[in-house]
Amino acid sequence: TDVVLAITKMHKSKKQNFGITQEKIDEIKTLKAAGKTVTVILYGSPYAIDLVKDADRIIVAYEDDAAAQESVQQLLAGFTRAEGTLPI
């Protein structure tokens, strides 16, 4: 079974784990241990990838706005492809 976790309202500060809580990191690990396929959507900094690296798929939307959310929905529905490369 697939599980999609969207992480919104991210901070820009690495010191604050970009706003990703330890509970969210633990949730990813728990879902993986239960045999789930986990996709994480980061609506913010790509530097947060290391915090969610246990996910099967990570989508970096960069922004937490309607346009980014619509683009991610198009991607998840299979109407578009992710072809970009991260600058990090």
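The values are calculated or read from the model by the stated rules, or taken from the named source; none is laboratory data. Owing to the predicted nature of the structure, the values given are computational and were not obtained by experimental measurement. Note that each Cβ is placed from the backbone with ideal geometry, even for glycine, and that neighbours are counted across all protein chains shown. The protein model used for the area step is the full one, side chains on, heavy atoms only, and it has no ligands, DNA or RNA in it. Shrake-Rupley method; radii C 1.70, N 1.55, O 1.52, S 1.80 Å.
Of note:
- Neighbours by Cβ (under 6 Å, 6+ apart or cross-chain): first from the range 56-82, charged (D, E, K, R); second assigned to a helix (DSSP H, G or I): none
- Contact map, the range 7-19: residues that are touching a residue at least 12 places away in the same chain (Cβ under 8 Å) paired with residues that are among the acidic types (D, E) and assigned to a loop (DSSP other than H, G, I, E, B), Cβ distance under 6 Å, separation 6+ or inter-chain. Pairs shown: T8/D64.
- Those residues of the range 33-53 which are charged (D, E, K, R) and open to solvent by 70 Å² or more (accessible area, probe 1.4 Å), in sequence order: D50, K53
- Within the range 69-88, the set of residues being under 18 Å from F18 (Cα atoms) and open to solvent by less than 90 Å² (accessible area, probe 1.4 Å) comprises just one member, L86.
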